[in-house]
Amino acid sequence: MSDSPRYRFAPSPTGFFHVGGARTALYNWALALRTGGTFVLRIEDTDESRNSPEWTQGIIDALSWLGIDSQSPRFEGPYFQSQNAELHIAAAMKLHAAGKAYWCDLTADQIQERAKTSGKQGYDGYSRDRGLAGGPGHVLRFRVPEGATIVSDLVRGEVEFANDTIEDFVLLRSNGSPMFLLANVVDDIEMRITHVVRAEEHLPNTPKQQMLWEALGATPPIWAHVPVLVNEQRKKLSKRRDKVALEQYREEGILPNAMINYLMTLGWAPAGDTEIVHWSSMVEEFRLEDVNHSPAFFDIKKLSSFNGDYIRAMSLDEFIQAASPVLASTEAWPADRFSAGVFVQAAPLVQTRVVTLSEIPAMVDFLFLENPAIDDDAWNKTMSADFARTVLADFTAAIASAEWNHDSLKGILETWTEANGLKLGKTQAPIRVAITGRTVGPPLFESLEILGREETIRRLTAGIARLG
Ligand code: GLU
């Protein structure tokens, strides 16, 4: 066997796929690709009360959306932790046989009682030398050795933990089931993992896990704990408070490439003066040693701006393709009124003006609705101008026989505007509202050109009538 690096991503399927998990997965994937190593996917599904197959499927779909290709020779898995329970128990028994673990029958209350008396927090190793056998109500505890544990972490440097601050932790619960710490290490050993790259919240577990690797006779992996993601208030992203589900961003029209690029820059920056870089350069350049250890701000505005850049970088065909699922699933207009041919004409106007795909329907709905709803504020604001009625009437009359293209339509309004000593920005507004119902949208004259003479005149006439 070659000794190329083996990375892994080990999510628990207990909820929506978190953007933090997505970043961890991408870091591991980029490293596996660059080093000719392997990315192992292990689903840590041992918490039966919180798991569901639906969340597992969510993980698999999300990884594929992020370009983590399960068909690639660099990809291995998915493995399911719950299928390895026997291995976990066997490892615990091996530690017991070697005197590195022991049974304990103290209840949580008894442990607390002893801690109160001694004034020292946590479990005090009471059963270390009692030689108890396993049995109902007995947990198996790891005998933490004396000394210190030095965790050498590629992101955080060397972190030293005094072993006497670590209690003899539980490996097997009193019902015989393995604890997460044990299962996670035994699987990593079994899967010959060489690099554990994961979220910073697991750092406190690491000295315990490193002791387990050593006690099981294995060489501990290279550790790297990547910084937490925080919100605008610099609080850790939480699913209760913040928008953390990758799925949600996907539904809102964030493009996978923009998301991938943005996630990679949370704690790391590519060389050069732009952060917008192709995936292949990120794979080439990404090094754990360059990952920052301070918390990374998950800035939704910045993500949107990345997305806008990615949208503008698409060819028109790519943009039309990316937009089609959004157009097909929107409720902005009745399905039978949509015309792909009309959208193709409008697409260049829209592509430069949206930052997410989900903004597209509101930009083009006036082309597909018989009578677009007119926003009251927009109406009141624009139609209160003293020239509103005249500009609508004169423009309607003038375009009846005009050449039908945006230059000619613009010329007509420009002439009228100059003659009346006004500004085009002002005189366009009532026309736009009468046509689209809104004060903002794609360029007006191009929009009219696409909408067509007859429909333009019909809406302007309706606008005049509404003015009374
Ligand atoms: N299953 C753990 C989690 O989802 C990951 C543990 C690890 O990466 O070691 O947080």
Some residue of the range 333-342 being under 26 Å from the mean Cα position of the chain (by Cα) and either of a type in the set (Ser, Thr, Tyr) or crowded, with 17+ Cβ neighbours inside 10 Å (or both): no
Complete set of residues in the range 14-44 that are within 14 Å of the ligand (Cβ to nearest atom), at pLDDT 95 or above and part of a loop (DSSP other than H, G, I, E, B): Phe17, Glu44
Which numbered condition Asp242 misses (of (1) of a type in the set (D, E, K, R); (2) without any contact (Cβ under 8 Å) to a residue 60 or more places away in the chain; (3) surrounded by fewer than 16 Cβ atoms within 10 Å (Cβ to Cβ); (4) within 30 Å of Glu359 (Cβ to Cβ)): (3)
Selected residue (only one of Asn84, Asn51 is closer than 25 Å to Glu201 by Cα, in a helix (DSSP H, G or I) and within 14 Å of the ligand (Cβ to nearest atom)): Asn84
Boolean, Ala346 is of a type outside the set (Lys, Arg), over 17 Å from Ala258 (Cα atoms), at pLDDT 95 or above and over 20 Å from the mean Cα position of the chain (by Cα): yes
Selection count, the range 103-136, where residues are within 44 Å of the chain's Cα centre (by Cα), within 16 Å of Ser174 (Cβ to Cβ) and of a type in the set (A, V, I, L, M): 3
Residue selected from the range 201-211 under the condition within 26 Å of Leu266 (Cα to Cα) and within 11 Å of the ligand (Cβ to nearest atom), by the criterion surrounded by the fewest Cβ atoms within 10 Å (Cβ to Cβ): Glu201
Those residues of the range 154-186 which are within 12 Å of the ligand (Cβ to nearest atom) and surrounded by fewer than 21 Cβ atoms within 10 Å (Cβ to Cβ), in sequence order: Phe180, Leu181
Residue that is loosely packed, with under 13 Cβ neighbours inside 10 Å, under 26 Å from Ile360 (Cβ atoms), among the hydroxyl-bearing types (Ser, Thr, Tyr) and without any contact (Cβ under 8 Å) to a residue 12 or more places away in the chain, where the choices are Ser315, Ser280: Ser315
The range 382-406 residues that are over 16 Å from Ala419 (Cβ atoms), paired with ones that are acidic (Asp, Glu) and outside any loop (DSSP other than H, G, I, E, B) (beta carbon under 7 Å, 6 or more apart): Trp404/Glu449; Asn405/Glu449; His406/Glu446; His406/Glu449
Index of the failed condition, Ser4 passing every other in (1) polar (S, T, N, Q); (2) outside any loop (DSSP other than H, G, I, E, B); (3) away from the ligand (no atom under 13 Å from the Cβ): (2)
Filter result (under 18 Å from the mean Cα position of the chain (by Cα), among the small types (Gly, Ala, Ser) and within 27 Å of Val155 (Cβ to Cβ)) within the range 278-324: Ala296, Ser305
Which listed residue, of Leu263, Leu229, is within 30 Å of Ala322 (Cβ to Cβ), in contact with a Lys or Arg (Cβ under 7 Å, 6 or more places away or on another chain) and not basic (Lys, Arg): Leu263
Residues of the range 7-49 satisfying the condition of being buried (at least 21 other Cβ atoms within 10 Å of the Cβ) and among the charged types (D, E, K, R): Arg8, Arg23, Arg42, Asp45
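The values are calculated or read from the model by the stated rules, or taken from the named source; none is laboratory data. The structure presented is a predicted model; accordingly, all values stated were derived computationally and were not measured. Ideal geometry is used to build each Cβ from the backbone, glycine not excepted, and the neighbour counts take in all protein chains shown.
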